[in-house]
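Just so you know, all these numbers are worked out from the coordinates, no wet-lab data involved. Not measured: the values here are computed from a predicted model. Cβ placement follows ideal geometry from the backbone for every residue including glycine, while neighbour counts extend to all protein chains displayed.
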Amino acid sequence: MSIKQQDANTGEERVSDPDLESLLVIIIDTNPSQRAIRRNPHQLTQSLDSIVAFGNAHLMQKSNNKLAVIACHHHATQFLYPNPGKPLTEIRQVDGQYEAFTIVEKTVKHKLAQMITSAPKISAPCESLLAGSMSMALCYIARMNRNKLPGEKAHARILVVTGSNECAAQYMTYMNVFFTAQKQNVVIDVCALDKSLSLLQQGCDITGGQYLRLPQLDGLLQYLLWVFLPDPDTRSKLVLPPAVKVDYRAACFCHRELIDIGYVCSVCLSIFCKFSPICTTCHTVFKNPNPIAPKQKKKKLKG
Ligand SMILES: [Zn+2]
Ligand SMILES: [Zn+2]
């Protein structure tokens, strides 16, 4: 809520917003194919406890801070909090705990348990639908902003916590998400629990977010509170892990693999690792390139 005050000197009405609303959307990768979960199934519970505590810490910072939690599974993406249906009726207040924190914790755990038990069994490791979850988070942020009164604004950011491998098959969706987020001033933070993720790192770089690859899983909550709890404006005043060099390679549209040099369609900007006479995206027909010409020049120079 912005506070309208009358300036004593000029009599003008000025709007000050000392406590701008901050919306944090946390995306938790709950895919059982993640290496850490396959090694130790209790890892998911431990990580979840840390993430819930982190979400509550965000709510604790300001009374008008908002939180949303999305689970990203191998078959679907679902809101864990706020619960889209009726609020859970069986939640009882825990003595000594603030009621709102109890609601977050119980709702997240209840919804996640529902989602995991209803998930189809998988025989081989499969990819997480991270790009889809991020699109869902962006839609949610857009909806929350649309419901605001004119002039009211909120800072929104997305935190992705994942131990999955990156999959270049979602390259297009990732790029659409990153540039939409950039346009909407949504900061994307990524906490990589296992391998380094070059595509998501690009997203952090594009939107001005923080990327962190955890050296070990034990101190997850400490890392979250240290690096991701401060809002992006405050971060410049803190000593945070230095930015790593971003790998800006793109994935080719034909094999979905990251490439250094490739062919780009001059009409639709699709990327290919090999020359193809017809662009598979926009069906533009190209002439064959003539690779013999430069070789002849070299021969002439030698002679
Ligand atoms: Zn290719
Ligand atoms: Zn094309």
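Of all DSSP beta bridges in the chain, what percent run antiparallel (nearest 5)?
35 percent
Other residues lying with their Cβ under 13 Å from the Cβ of Ala251 contribute a combined charge of -2, Lys and Arg counting +1, Asp and Glu -1.
Have a look at the DSSP beta bridges in the range 184-289 and tell me what percent are antiparallel, nearest 5.
Expressed as a percentage, antiparallel bridges in the range 184-289 total about 60.
Taking 4.7 Å between C-beta atoms as the pairing limit, the chain has these partnerless cysteines: Cys72, Cys126, Cys139, Cys167, Cys191, Cys204, Cys254.
Between amide H atoms placed 1.01 Å from N, distances below 5 Å from Leu129 occur with His73, all of them 5 or more places distant or on a separate chain.
Applying a threshold of 32 Å to the alpha-carbon distances of Lys245/Lys274; Lys106/Lys245; Lys66/Lys121; Lys62/Lys195; Lys111/Lys237; Lys109/Lys245 flags Lys106/Lys245; Lys66/Lys121; Lys62/Lys195; Lys111/Lys237; Lys109/Lys245 as lying beyond it. State whether the range 62-197 is rounded, prolate or oblate according to the following rule on the C-alpha gyration tensor (a ≥ b ≥ c being the square roots of its eigenvalues): a/c under 1.5 gives rounded; otherwise a/b larger than b/c gives prolate, and the remaining case gives oblate. Here the range 62-197 falls in the oblate category. Mean separation of Cα pairs under 8 Å and 6 or more residues apart, divided by the residue count, gives the chain a relative contact order of 15 percent.
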